[in-house]
Amino acid sequence: MTTKYTPDHEYIRVEGSTGIVGITQYAQEQLGDIVFVELPAIGKVLKKGDEAAVVESVKAASEIYAPVAGTVTEVNEALGGEPGLINQAPDSTGWIYKIAIADTAELDALLDDAAYADLTK
Amino acid sequence: MSMNNQGRPSGIGNVGSGFASTSGSALLPNEPLLFEIGDTEHSGVDLPDVTISGSRLGGFERKMPLDLAGLTEPEAMRHYVRLSRLNHSIDSGMYPLGSCTMKHNPRLNEKMARLPGFADIHPLQPVSTVQGALELMNQLSHWLMTLTNTAAVALTPKAGAHGELLGMMAIKAAQDAAGQSHRNIVLVPESAHGTNPATAAFLGYTVKPIPARDDGTVDVQAVKDALSPDVAAIMLTNPNTCGLFEPQVIEIAEAVHQAGAFFYCDGANFNAIMGVVRPGDLGIDAMHINLHKTFSTPHGGGGPGAGPVVLSAALAPFAPVPFVRKTADGLELVEHAEGEALGRITAFQGQMGMYVRALTYMLSHGGDGLAQAAEDAVLNANYIKARLQHAFSVPFGDYPTMHEALFDDSFLAGTGVTTLDFAKALIDEGFHPMTMYFPLVVHGAMLIEPTESESKQTLDRFCDVMEELAIDAKAGNKDRFTAAPLKAPRRRLDETRAARSPILKWERPDALPKAAE
Amino acid sequence: MRYLPHSDAERAEMLGVIGATSVEALFSAVPTRALKTFDLGLPAHSPEFLVEAHMRALSAKNHSGGDGPFFVGAGAYRHHVPASVDHLIQRSEWLTAYTPYQPEISQGTLQMLFEFQTQVAKLTGMDVANASLYDGSTGTAEAVLMARRLTRRNKIVLSGGLHPHYRDVVKAYLKDDADLECLSASPEGQGDILDHIDEQTAAIVIQTPDFYGHLRNLKTAADAAHAKGALLIVVITEIVSLGLLEAPGAYGADIVVAEGQSIGNALNFGGPYLGLMATRKEFIRQMPGRVCGETVDADGQRGFVLTLSTREQHIRREKATSNICTNSGLCALAFSIHMALLGEAGFTRLARLNHERASALADALGKVAGVELLNKTFFNEMTIRVGKPAAGVIEALAQRGILGGVPVSRLEPDDPDVTNLIVLAATELTTDADIAALCAALSEELQ
């Protein structure tokens, strides 16, 4: 199980051919209190870089892009009632959606832990 | 000596340690909601209770209870007067909101707008019975076209954003008529008002941002680089949202026209240049004018406004209906689109109430007074900039600003105080905060627009307070800022809570379950 | 100049502090060929009494509502507004405040908006309402766009009973849109929309009372729309009707748009007016316009803020639900005060009085030779057919000092079927003498 990052602060945790996508701890801190999450439709086909979801704080709306191409297989319905999960635990209970990865080779272009840590220094 | 032994003690005396008031302070009451003081039986209007024989309501009579709370007149007066006291207003203090032009609202305007010949006429009564109203619209149009040196004006837009929409619709219509409907890109500088990209996107255009130069203005070269046969228009605010006149605006207009595109100018900041610079001389094709900013119609807590759009000769044929036209027999109201005109963008003639106020204001000032007002607005902003630039940080160097003074938050670096905290501390000093975090191109922006209405005395008091706050912030007195406001009717409000589980109307409290006795 | 505080000496002193030699120096960024190179030729500043005389002269050239019998409606209605309403809205703290972006010092406006939203929700029978739009017509266009976002479908069907100007505004907003179907005028109140709903339909738009005064069956419309997954948008131009008529929410409306001018606001020759919009709770994130919500402050006290702002242009920019910014705040205040003064008891009486006056008008018109009343149902407005083109009749009545309604041809010049139709409204201000004068004049004009 590996986790990769985009320069736009999404993470994708890879479990076999499925990726779990959310925003990073750093992004969560920058955005402040999340008040609403617009989730993608299950079955939605995404290209790398497509807008997949939107997270809103009081004063900002931020698009969440697809780190890799694929199909949305599951969304975190719990965020509907409790968007603050993203603030509390962005990398566990605050995940946003799961994607069936079309081409795992696309993962290679993403940042690893060290590179992402470097980016947010 | 004679002594009044009924005299009151004038010292502080022993007032005790204070208590938590639940009803607000003496002159700033906590006012319950209308629904908590009124009920469905009380009414402040006497109306005969008629009976209807043979209703013609077709069986659609109301069954759902209305449940609307009513108040008698004395109760209503008190409710709304008490509520009003919780508002800051221009009349009660300086309101230096950048981009909003919070100038004095003359009361003659209000009186004139209430004349029955303006307030009590119907938009669809025969045109022969409203010749004075059409004449008023014609006179207002003349002033607006003269001040901008343009060929036409569409009065009907209901607000600035509505004017933008109309202006961009006219551009689209003109390009469609010229077989140029492939043009699908609109250039918008990053410093623009949010309404600009929203308007362009609303009409199906792709928005292409133009970066700001380090000096806060738009680079003609950046515009040239972005122009292509697919560009429909540029939407440029001038003076721009950083309070600066775009020095290359004429070159930008020429480049835009050369590429077959139109120049839409956001006229939100026209107050800086009215009577001094005519936008038509700069090459604009369309520009909305916020009557509720530049021409002093009141903001009313969020509206109504009016956003007439002046149009160049190229766009004039695409103006919407209705509009006033002179004929041999007087003035007529053209209500149906002829040729390529784009139709109707609101049900009736637009904001007549605002037209009356704006024309009253124009006649009061005259051409000379409007130019003087613009010059005073610019003078005031430069005065604030000059007085504060040492204690604050100026993002774009040492040259004259227009009607707004812009600072960034670098002077607060390391203090733990943010622009928001600073603004909230200003509330405790009796001033409305400046516009914050806009324009987006400046970090922690503080945009101050004093307008021409403020006296030198008020400006000095404002600058003294600003300076004192800056010194205090730098001295490490962070708490004064982060806790602010402490003296307002409310302290900071929990916006996260409001957005996460929105409560958007009053609900009758659920009957509490009866406890077992 | 009475509005400009500086003396020349103060201006000079300020220029000294700035370090500028003249005011012109402050305009140094302006290209010289554009700076004051013109003579505006506009009149010079003028004392208050002369400006007032000028404006009064213009005003006097108009025939105002109080000058004679008045039956003009068709989207704007002449009602009585209590004196206290206008007094209150002219208080500085209401009149000269900006949009309540600093909630700590704007609780008056915010609480009022919260009360206003509650009143609108109750009137319409909907879950939530926004803090106002420009007017009913632009609100209708916004509702149509909102329905498209909600359903991700495109087809919009406008009833033939929709106010023609509202239809035209929707057409302008949706320019060149093949998915907009505008049904032809239905002055007899014929049900026209149900056969046009299909699986591509985002919404149907029905006005009730409709432009011609007929009351439309919202229940069958809602059921038919919902059966195909479409939304029902209900438009109301006479909000007073809701004092007697069932709330659209009770019939299953999805979005209700209304013109709120009738309550608290004068005719004003067409503006400023007040757009009302209410919808279902689950649709609020697609609703345009500002919304006020309840919360608490740092001390735990109840307070109000603008909320759900991420829908709006100042944050969402090109992805906003609408570009609207300025709304009709002060008109909303006038509405809210007037509605509070009425309360349920007064509002119901007002609506009943309007219906009673309209019934008297209908009965009287029915007795005029050459007049055919088209309505079986109405609230306070109706359509008559006369024996000659209506525009000339209305003009002739105006010459007699009677504003006798609106010739439909003024709004539908290309439809020969409506040439002889007149839409008339009665309100609580309509007297028996007004009705008698109208009927007498009409019967003479129609001979």
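The values are calculated or read from the model by the stated rules, or taken from the named source; none is laboratory data. Remember, it's a predicted structure, so these values are computed and weren't measured experimentally. Heads up, the Cβs are rebuilt from the backbone with ideal geometry, glycines too, and the neighbour counts pull from every protein chain shown. The protein model used for the area step is the full one, side chains on, heavy atoms only, and it has no ligands, DNA or RNA in it. Shrake-Rupley method; radii C 1.70, N 1.55, O 1.52, S 1.80 Å.
Considering each of B:Leu370, B:Leu315 in turn, give the residue that is open to solvent by less than 10 Å² (accessible area, probe 1.4 Å) and over 25 Å from the mean Cα position of the chain (by Cα).
One residue alone meets the criteria, B:Leu315.
For region C:253-268, enumerate the residues that are touching a Lys or Arg at 6+ places or on another chain (Cβ under 7 Å) and either closer than 21 Å to C:Leu145 by Cα or open to solvent by 10 Å² or more (accessible area, probe 1.4 Å) (or both). If the condition is that a residue be touching a Lys or Arg at 6+ places or on another chain (Cβ under 7 Å) and either closer than 21 Å to C:Leu145 by Cα or open to solvent by 10 Å² or more (accessible area, probe 1.4 Å) (or both), then C:Asp254 is the only one that fits. Scanning region C:351-377 for residues that are open to solvent by 10 Å² or more (accessible area, probe 1.4 Å), touching a residue at least 12 places away in the same chain (Cβ under 8 Å), part of a helix (DSSP H, G or I) and not basic (Lys, Arg) turns up C:Leu353, C:Ala360, C:Ala364.
Give me the pairs, please: first residue somewhere in region C:303-325 and closer than 23 Å to C:Tyr173 by Cα and open to solvent by 20 Å² or more (accessible area, probe 1.4 Å), second residue anywhere and part of a loop (DSSP other than H, G, I, E, B) and among the hydrophobic types (A, V, I, L, M, F, W, C), beta-carbon distance under 8 Å, and either six or more positions apart or on two chains. Sorted first by the residue in region C:303-325, then by its partner, the pairs are C:His314/B:Phe438; C:His314/C:Cys325; C:Ile315/A:Ala60; C:Cys325/B:Ala159.
Restricting the first member to region C:1-18 and to residues that are more than 20 Å from B:Leu370 (Cβ to Cβ), and the second to residues that are crowded, with 17+ Cβ neighbours inside 10 Å and polar (S, T, N, Q), the beta-carbon pairs closer than 7 Å and six or more apart or on different chains are C:Ile18/B:Asn382. Residues that are closer than 28 Å to C:Gly264 by Cα, part of a helix (DSSP H, G or I) and either outside the structural domain of C:Ser106 (by TED's automatic domain parsing) or hydrophobic (A, V, I, L, M, F, W, C) (or both) within region C:281-335 comprise C:Ile284, C:Leu330, C:Cys331, C:Ala332, C:Leu333, C:Ala334, C:Phe335, listed in sequence order.
Starting from residues that are open to solvent by 20 Å² or more (accessible area, probe 1.4 Å) and small (Gly, Ala, Ser), keep the ones in region C:275-302 and report whichever is farthest from the other protein chains (Cβ to nearest Cβ). Top of the filtered list is C:Gly300. B:Phe422 falls short of the stated requirement of being touching a Phe, Trp or Tyr at 6+ places or on another chain (Cβ under 7 Å), of a type outside the set (Asp, Glu) and either open to solvent by 10 Å² or more (accessible area, probe 1.4 Å) or part of a strand (DSSP E or B) (or both). Filtered by the rule that a residue be closer than 17 Å to C:Thr138 by Cβ and touching a helix residue (DSSP H, G or I) at 6+ places or on another chain (Cβ under 6 Å), region B:321-359 gives B:Leu342, B:Gly343, B:Arg344, B:Ile345, B:Thr346, B:Ala347, B:Phe348, B:Gln349, B:Met352, B:Gly353. Checked against the criterion of being over 15 Å from A:Val21 (Cβ atoms), at pLDDT below 95 and open to solvent by less than 20 Å² (accessible area, probe 1.4 Å), region A:94-115 has no qualifying residue.
In this entry, C:Glu246 passes the filter for residues that are surrounded by fewer than 24 Cβ atoms within 10 Å (Cβ to Cβ) and at pLDDT 95 or above. Cβ-Cβ distances below 9 Å connect the following pairs, each with a first residue in region B:33-46 that is at the interface with another protein chain (Cβ under 7 Å from one of its Cβ atoms), a second residue that is part of a loop (DSSP other than H, G, I, E, B) and open to solvent by 60 Å² or more (accessible area, probe 1.4 Å), and a separation of six or more residues or different chains: B:Phe35/B:Arg508; B:Thr40/B:Pro65; B:Val45/C:His80.
As for region A:43-55, it holds no residue that is over 13 Å from A:Ala69 (Cα atoms), open to solvent by 40 Å² or more (accessible area, probe 1.4 Å) and not in a strand (DSSP E or B).
Which of the residues spanning region B:291-344 are away from every other protein chain (no Cβ under 13 Å) and over 26 Å from C:Asn327 (Cα atoms)? B:Ser312, B:Ala313, B:Ala314, B:Leu315, B:Ala316, B:Pro317, B:Arg325, B:Lys326, B:Thr327, B:Ala328, B:Gly339, listed by residue number.
Being more than 7 Å from every other protein chain (Cβ to nearest Cβ), surrounded by fewer than 23 Cβ atoms within 10 Å (Cβ to Cβ), over 25 Å from the mean Cα position of the chain (by Cα) and over 30 Å from C:Tyr101 (Cα atoms) is the requirement here; does B:Thr51 meet it? Here the answer is yes, as B:Thr51 does meet what is asked.
Considering (1) part of a loop (DSSP other than H, G, I, E, B); (2) under 30 Å from B:Leu155 (Cβ atoms); (3) at pLDDT 95 or above, the lone condition that B:Phe438 does not fulfil carries the number (3). Kindly evaluate C:Ser64 against the criterion of being more than 30 Å from B:Leu47 (Cβ to Cβ) and either assigned by TED's automatic domain parsing to the domain that holds C:Arg352 or among the hydroxyl-bearing types (Ser, Thr, Tyr) (or both). Judged against the criteria, C:Ser64 is not a match.
In region B:448-455 there is no residue that is within 30 Å of C:Arg317 (Cβ to Cβ), open to solvent by 40 Å² or more (accessible area, probe 1.4 Å) and not acidic (Asp, Glu). The number of residues in region A:1-43 being of a type in the set (Asp, Glu) and over 11 Å from the mean Cα position of the chain (by Cα) comes to 4. For region C:1-14, taking the residues that are in a helix (DSSP H, G or I) and more than 7 Å from chain B (Cβ to nearest Cβ), the one that is most open to solvent (accessible area, probe 1.4 Å) is identified as C:Asp8.
Does region B:152-166 contain any residue that is at the interface with chain C (Cβ under 7 Å from one of its Cβ atoms), modelled with pLDDT of 95 or more and open to solvent by 20 Å² or more (accessible area, probe 1.4 Å)? Checking region B:152-166: not a single residue is at the interface with chain C (Cβ under 7 Å from one of its Cβ atoms), modelled with pLDDT of 95 or more and open to solvent by 20 Å² or more (accessible area, probe 1.4 Å).
Taking the criterion of being over 18 Å from C:Ser184 (Cα atoms), more than 12 Å from chain B (Cβ to nearest Cβ) and not hydroxyl-bearing (Ser, Thr, Tyr), would at least one residue in region C:402-417 satisfy it? Scanning region C:402-417 turns up no residue that is over 18 Å from C:Ser184 (Cα atoms), more than 12 Å from chain B (Cβ to nearest Cβ) and not hydroxyl-bearing (Ser, Thr, Tyr).
Being facing chain B (nearest Cβ under 7 Å), assigned to a loop (DSSP other than H, G, I, E, B), in contact with a Pro (Cβ under 9 Å, 6 or more places away or on another chain) and crowded, with 24+ Cβ neighbours inside 10 Å is a description that does not apply to C:Gly108.
Answer yes or no: is there a residue in region B:255-268 that is open to solvent by 10 Å² or more (accessible area, probe 1.4 Å), within 10 Å of chain C (Cβ to nearest Cβ) and either outside any helix (DSSP H, G or I) or of a type outside the set (Phe, Trp, Tyr) (or both). Checked region B:255-268: no residue is open to solvent by 10 Å² or more (accessible area, probe 1.4 Å), within 10 Å of chain C (Cβ to nearest Cβ) and either outside any helix (DSSP H, G or I) or of a type outside the set (Phe, Trp, Tyr) (or both). The set of residues in region B:184-199 that are at pLDDT 90 or above and either under 15 Å from B:Thr217 (Cβ atoms) or part of a strand (DSSP E or B) (or both) comprises B:Ile185, B:Val186, B:Leu187, B:Val188, B:Pro189. For region B:73-100, filtering for residues that are in contact with a Ser or Thr (Cβ under 8 Å, 6 or more places away or on another chain) and open to solvent by 40 Å² or more (accessible area, probe 1.4 Å) leaves 4.
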